[in-house]
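Note sheet for the following structure.
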Amino acid sequence: MTGSKKRIVIALGGNALQDSNGPATAEAQLEVAKKTCEYIAEIVNRNYEIVIVHGNGPQVGRILAASEAAKDITPVMPFDVVGAMSQGYIGYHIQQALGMALAKQGRSIPVSTIVTQVVVDRDDPAFQNPTKPIGSFYTEEEAKTLMKEKGYVMKEDAGRGWRRVVASPIPQRIVEIDTVKQLCGSCIVIAAGGGGVPVIELPDGSLEGVAAVIDKDFAAELLAEQLEADMLLILTAVDRVALNYKQPNQKDLDALTVEEAEKYIAEGHFAPGSMLPKVQAAIKFVKANPGKKAIIASLSKAVEALEGESGTVIT
Ligand code: ADP
Ligand code: MG
């Protein structure tokens, strides 16, 4: 911790960069980012020191699809490279949008993106059973060729065709953590975008990119731990974590203890791949930092959540 400001790691969900009803263009992304950064600037205004982690699922999907469609003109980009590309252009949009939102408040704080590598364990059990679909749909014949020639794992996706699947391993170490630590406090850092570019550590100590997707909520949690952040703030599209989500007896929760959260996980209240990793990340942060809290809230009510008027706080 530096100075008296509280440090928060903010995880931004997909809704922070794309409107589900809007076009999937870069221009539209920048417009959504501008709105998002108005909310983030409000947080900065409340005197918090922030670090931003964002998702990249739709963006890597699009870069990969474009690269695959252009395969006869230029070689297809490896998936780790696609992840790094997405960190670059999403970071660029947030830098521009947040810079502008802060300037409107008369603040001049530098905003910088760190292309971030995150080490995963090559023996992570997730690699035995890849589940995250990425990129375009293929015919069975094309899929079999890709499996043979490129070593991709491909699976039939709910009758829609064949798709490449990759693993979602647990983040172990943030390679650029010292850079983030040094910059924290003197600028707003955007790091571990999309969960970070997944790399494995070879016996000689060198790093090698792998085709995998790291959950951005888990990466944000690891970053929050390593930065000794005071709080993990996970911003998404819903105001609160709910029990019996989307059922007539849905119950939104203001607060959860770790014990309650674990019980509700066991009862299956949180969907894998969406709310479950957020609750798990919140639990992990609070367990590692007794006395600190994690909040899951909606982007548009982030400030209210910090003031205890919205969101679900996990303690
Ligand atoms: P993000 O892009 O922010 O990571 P996700 O779609 O991955 O968003 O996860 C958040 C979504 O999880 C919510 O918008 C909601 O639709 C869904 N969800 C699933 N289970 C729950 C639950 N129990 N309570 C609240 N939201 C839930
Ligand atoms: Mg998600």
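Between Lys104, Lys35, the distinction of being without any contact (Cβ under 8 Å) to a residue 40 or more places away in the chain and of a type in the set (D, E, K, R) belongs to Lys35 only.
So that you can scan it fast, the table gives a plain yes or no per residue for (1) out of contact with any Leu (no Cβ under 6 Å at 6 or more places or on another chain); (2) part of a strand (DSSP E or B):
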residue: Arg173; (1), (2): yes, yes
residue: Ile188; (1), (2): yes, yes
residue: Val199; (1), (2): no, yes
residue: Asp204; (1), (2): yes, no
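Hey, among the residues in region 295-308 that are more than 17 Å from Ala219 (Cβ to Cβ) and not in a helix (DSSP H, G or I), which one's nearest to ligand 1 (Cβ to nearest atom)? If we take residues in region 295-308 being more than 17 Å from Ala219 (Cβ to Cβ) and not in a helix (DSSP H, G or I), then Ser298 is nearest to ligand 1 (Cβ to nearest atom).
In the set (1) open to solvent by 20 Å² or more (accessible area, probe 1.4 Å); (2) in a loop (DSSP other than H, G, I, E, B), the condition left unmet by Tyr89 is number (2). Would you check if Ala84 is assigned to a helix (DSSP H, G or I), closer than 19 Å to Leu12 by Cα and in contact with a strand residue (DSSP E or B) (Cβ under 8 Å, 6 or more places away or on another chain)? Yes; evaluated as a whole, the condition is true for this residue. Consider region 234-250 and keep the residues that are in a strand (DSSP E or B) and within 15 Å of ligand 2 (Cβ to nearest atom). The one that is surrounded by the most Cβ atoms within 10 Å (Cβ to Cβ) is Ile234. Selection over region 188-208 of residues that are open to solvent by less than 30 Å² (accessible area, probe 1.4 Å) and more than 15 Å from ligand 2 (Cβ to nearest atom) gives a count of 8.
Rundown of residues vs (1) open to solvent by 30 Å² or more (accessible area, probe 1.4 Å); (2) among the basic types (Lys, Arg), yes/no style:
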{"site": "Leu98", "(1), (2)": "no, no"}
{"site": "Thr113", "(1), (2)": "yes, no"}
{"site": "Ala143", "(1), (2)": "no, no"}
{"site": "Lys150", "(1), (2)": "yes, yes"}
{"site": "Ala167", "(1), (2)": "no, no"}
{"site": "Ile170", "(1), (2)": "yes, no"}
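Of the residues making up region 110-161, those that are over 19 Å from the mean Cα position of the chain (by Cα), assigned to a strand (DSSP E or B) and of a type outside the set (Lys, Arg) are Ser136, Phe137, Tyr138, Met154, Glu156. Screening region 54-67 for residues that are away from ligand 2 (no atom under 16 Å from the Cβ) and open to solvent by 20 Å² or more (accessible area, probe 1.4 Å) and picking the one that is farthest from Gly14 (Cα to Cα) gives Ala66. Pairing each residue of region 268-293 that is assigned to a loop (DSSP other than H, G, I, E, B) with any residue that is within 16 Å of ligand 1 (Cβ to nearest atom) and open to solvent by less than 60 Å² (accessible area, probe 1.4 Å), provided the two are 6+ apart or on different chains, yields C-beta distances under 6 Å for His269/Leu243; Phe270/Leu276; Phe270/Val279.
Which members of region 20-49 meet the condition of being part of a loop (DSSP other than H, G, I, E, B) and within 16 Å of ligand 2 (Cβ to nearest atom)?
If the condition is that a residue be part of a loop (DSSP other than H, G, I, E, B) and within 16 Å of ligand 2 (Cβ to nearest atom), then Ser20 is the only one that fits.
Of these, Glu38, Glu49, which one is modelled with pLDDT of 95 or more, acidic (Asp, Glu) and open to solvent by 60 Å² or more (accessible area, probe 1.4 Å)? Going through Glu38, Glu49 in turn, the sole match is Glu38. Here region 261-294 is the region considered, the condition is being within 13 Å of ligand 2 (Cβ to nearest atom) and closer than 10 Å to Glu221 by Cβ, and the residue that is surrounded by the most Cβ atoms within 10 Å (Cβ to Cβ) is Lys278. Of note, Lys181 does not satisfy the criterion of being among the basic types (Lys, Arg) and open to solvent by less than 90 Å² (accessible area, probe 1.4 Å).
With the condition kept exactly as written, say whether any residue in region 74-85 is over 19 Å from Ala212 (Cα atoms) and either of a type in the set (D, E, K, R) or in contact (Cβ under 8 Å) with a residue 12 or more places away in the chain (or both). The answer is no; no qualifying residue exists. The one condition from (1) of a type in the set (D, E, K, R); (2) in contact with a strand residue (DSSP E or B) (Cβ under 7 Å, 6 or more places away or on another chain); (3) open to solvent by 60 Å² or more (accessible area, probe 1.4 Å) that Arg107 does not meet is (2).
The values are calculated or read from the model by the stated rules, or taken from the named source; none is laboratory data. Everything numeric here is computed off the predicted structure, so don't read it as measured data. Counting neighbours? That spans all protein chains shown, and the Cβs are built from the backbone with ideal geometry, glycine included. Areas reflect the complete protein model, heavy atoms only, side chains present, ligands, DNA and RNA absent. Shrake-Rupley method; radii C 1.70, N 1.55, O 1.52, S 1.80 Å.
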